[in-house]
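The values are calculated or read from the model by the stated rules, or taken from the named source; none is laboratory data. These numbers were taken from a predicted model, which means no experiment stands behind them. Backbone-built Cβ (ideal geometry, glycine too); neighbour counts: all protein chains shown. Only protein heavy atoms, including side chains, enter the accessible area calculation; ligands, DNA and RNA are left aside. Shrake-Rupley method; radii C 1.70, N 1.55, O 1.52, S 1.80 Å.
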Amino acid sequence: MVLWPAAFPLNADPVAEIGSFSLFKAVDFSRLAKGEVLAERPPPMTFPRGLSAQFCYLVPKDLQETVALLKNFNPSQHPELNIYLFSNISPRPAPNDFVKLKSAPNNEAVRAFARATAKRQGSGLQMSASEEKLNFVDRGGGGVLSPDVCAFWSGILQRRATDFLAGGLSRQPPYADSVRASEEAAALLKEQEKIQARFAPLAAMLDEGGGNPALYWEMFDVEGKAALSLGASYSRRNGGGWQSMDAEYYCSGGYYVYVTFMELWPVKLGTQPATLVWQGDILSSATVGTLRGIERSIAANLLIKDVRRDTAALLGETSR
């Protein structure tokens, strides 16, 4: 049963739409109106490295303002998210897009990342075999990441971003353990058929690249070691609402691929305009592939906890 005490749809039935492709067959708007982020966890994937969860929440802004909020959100401004650096990448990736690397914070996670970079092979860093073998001498100097370390990673990130634009995930070199981002994403989507169909025009960009996405990179904490990731965000109008797909197609640690699908509908919260958001997160991780039984359930719960934390930071900006 759908409860509508605090919000109602405009010119559509978003709850019926959500029920047609997601795990949410009922949406309690009284809970959403209080700021709760509803979550649903599907049964474990047959793909051993896969993990997923789905979410619903309300943003107390109209659709246009919510889209702008999502596009302009900078997670590095929220210390609780443990994202040290965030930066956009230009449509033609260039070395200057990664200049913020030299301002990485001097903490143990970043120092561990610098040590792993010097070692590379056997360090736990996720990169291709050819990237591991690149000539590299760290002459020190600069900040916690020396100029040589910054140049090394700037080159890797620039090449991977350029390759993604040229041909999507298939152009990404395989990780040294022979895992390919394209195959990981395909395996994840195979078990999300309704979502893949719902977001087909956006999901196609994973294979094709191009399409004028918003490109970015991040440095963040993964269990005490800093990691770098590359992402591409696509969006489009869908009837009276909005769809987006955020694909992190490379990561130096933590996961291989992380894709977030979102659909937004204009609704009203009392008499005020608001936006109903459905979100689906899917990821592939080497660590998840080692988990069984209750350990895998715990990993799914941690994913839900992390997304709720991230969403709380986003919603916190609506009061500014």
Which of the residues that make up the range 214-233 are among the acidic types (Asp, Glu) and within 12 Å of the chain's Cα centre (by Cα)?
-> 218
Inside the range 149-188, can you point out the residues that are open to solvent by less than 30 Å² (accessible area, probe 1.4 Å), touching a helix residue (DSSP H, G or I) at 6+ places or on another chain (Cβ under 9 Å) and either of a type in the set (Val, Ile, Thr) or more than 30 Å from residue 200 (Cα to Cα) (or both)?
-> 149, 150, 152, 153, 154, 155, 156
Scan the range 67-87 for residues that are without any contact (Cβ under 8 Å) to a residue 40 or more places away in the chain and either open to solvent by less than 70 Å² (accessible area, probe 1.4 Å) or aliphatic (A, V, I, L, M) (or both) and report the count.
-> 2
Which members of the range 254-273 meet the condition of being assigned to a loop (DSSP other than H, G, I, E, B) and either surrounded by fewer than 24 Cβ atoms within 10 Å (Cβ to Cβ) or on the phi > 0 side of the Ramachandran plot (or both)?
-> 254, 255, 270, 271
Quick one: in the range 188-221, of everything that is touching a residue at least 12 places away in the same chain (Cβ under 8 Å) and among the acidic types (Asp, Glu), which residue is farthest from residue 70 (Cα to Cα)?
-> 191
Matching residues in the range 88-101 - criterion: being buried (at least 17 other Cβ atoms within 10 Å of the Cβ) and either closer than 24 Å to residue 278 by Cβ or within 17 Å of the chain's Cα centre (by Cα) (or both) = 89
Can we say residue 115 is over 20 Å from residue 87 (Cβ atoms) and surrounded by fewer than 16 Cβ atoms within 10 Å (Cβ to Cβ)?
-> yes
In the set 236, 308, which member is part of a helix (DSSP H, G or I), at pLDDT 95 or above and within 20 Å of the chain's Cα centre (by Cα)?
-> 308
